[in-house]
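Take a look at the structure below.
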Amino acid sequence: MLQISREFMDFHGMKVPATVHTEESLNYAWKEFQTRDDDIFNVTFPKSGTTWVQEILSLIYSNGDTTSVKTEYSWDRVPWIEQYLGRSRLENRPSPRLITTHLPVQFFPQSFFKTNAKIICTIRNPKDVCVSLYYFSKVAQFMEYREDFQEFVSLFLSEHAIFGGWFEHVKGWLKLKDKPNMLFLSYEEMLKDLRGNVIKICKFLGKELDDAAIDSVVTNSTFNAMKGNNMSNYSAVPNYLFNQDKVSFYRKGVAGDYKNHFTDAQEEEFDKAYQDFMKDVNLTFA
Ligand code: A3P
């Protein structure tokens, strides 16, 4: 059985949960993994829409057929490359492989940069990411946890944040924004217009779906549909690993929930950090 601890490991200065990552698994993703031209990567900082895009990609690649999303776990359909099961889940998988990662660009598979493989990178308002991560750390028993929200915000803004921290992560990926094999999505825009974003993704991937198939992708990737799908809602994960008794993985799925959590002082601290870190980046949030 997996040993659960809230310990973190340090990988060349990047902090990641030690329960699901190893030095070997991170090195595999970074240096050993052989990217194929038709690989599709779902890149996110945690809590930015990872599971959502996993579901959308699964549905697009089945032309709207729901068999795979109803019978296979999301983490099997679109596995994380950097986690300890990444190698076994991806190595012999037939193409096209749908792959998830939270890796910052500097630890992304080096082989990718010599291929035509595609990346979809989803970005969410970091204040909402912070709130979502705070609640997620109550659910996921392998996450570093702070009961006090103020302490959690300070951790989120510090250099001790996971996966290199939101700022470095997003800045790193945005440097590749002009590459034709990269598509950036906004969580907030997806909430406003899911269908439009599904069509945008299909276009980027060169997938021609008819209207009925698009409708199925949209219907089956709404918050409520996913929350009710036992293959995507983590209900199959035992409580000692994912405890959803008090907080659901599908918590709210909205934009702007930070307004219900941040005090004025916290918002000020956050905005100041944002201005410092992101001053050379053209990216703003409501
Ligand atoms: P909240 O905690 O704010 O509710 P990730 O998949 O990257 O871990 O992100 C999880 C966040 O995305 C959670 O946010 C979750 O509710 C939200 N989410 C998951 N599926 C969604 C969907 N179909 N529509 C909107 N939000 C979704």
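The values are calculated or read from the model by the stated rules, or taken from the named source; none is laboratory data. Values in this document were obtained by computation on a predicted structure and should not be read as measured data. Here Cβ is always computed from backbone atoms with ideal geometry, including for glycine, and neighbour counts include all displayed protein chains.
Summary table below
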read-out: Which listed residue is farther than 19 Å from residue 173 by Cβ and either in contact (Cβ under 8 Å) with a residue 40 or more places away in the chain or among the hydroxyl-bearing types (Ser, Thr, Tyr) (or both), from 43, 20; value: 20
read-out: Tally, over segment 226-246, of residues that are in contact (Cβ under 8 Å) with a residue 12 or more places away in the chain and surrounded by 14 or more Cβ atoms within 10 Å (Cβ to Cβ); value: 11
read-out: Single residue of segment 1-23 satisfying the filter (out of contact with any His (no Cβ under 7 Å at 6 or more places or on another chain) and assigned to a strand (DSSP E or B)) that is farthest from residue 105 (Cα to Cα); value: 8
read-out: Some residue of segment 169-177 being β-branched (Val, Ile, Thr) and within 14 Å of the ligand (Cβ to nearest atom); value: yes
read-out: Matching residues in segment 178-220 - criterion: being closer than 14 Å to residue 43 by Cα, away from the ligand (no atom under 16 Å from the Cβ) and not aliphatic (A, V, I, L, M); value: 181
read-out: Flag if residue 27 is of a type in the set (S, T, N, Q), more than 16 Å from the ligand (Cβ to nearest atom) and within 27 Å of residue 161 (Cβ to Cβ); value: yes
read-out: Candidates 189, 208 - the one that is in a loop (DSSP other than H, G, I, E, B) and modelled with pLDDT of 95 or more; value: 208
read-out: Residue 163 being within 16 Å of the ligand (Cβ to nearest atom), in contact (Cβ under 8 Å) with a residue 60 or more places away in the chain and buried (at least 18 other Cβ atoms within 10 Å of the Cβ); value: yes
read-out: Leading residue by the ranking (modelled with the lowest pLDDT) among those in segment 119-142 that are more than 10 Å from the ligand (Cβ to nearest atom) and among the charged types (D, E, K, R); value: 138
read-out: Unmet criterion (only one of (1) in a helix (DSSP H, G or I); (2) within 11 Å of the ligand (Cβ to nearest atom); (3) surrounded by fewer than 23 Cβ atoms within 10 Å (Cβ to Cβ)) for residue 53; value: (3)
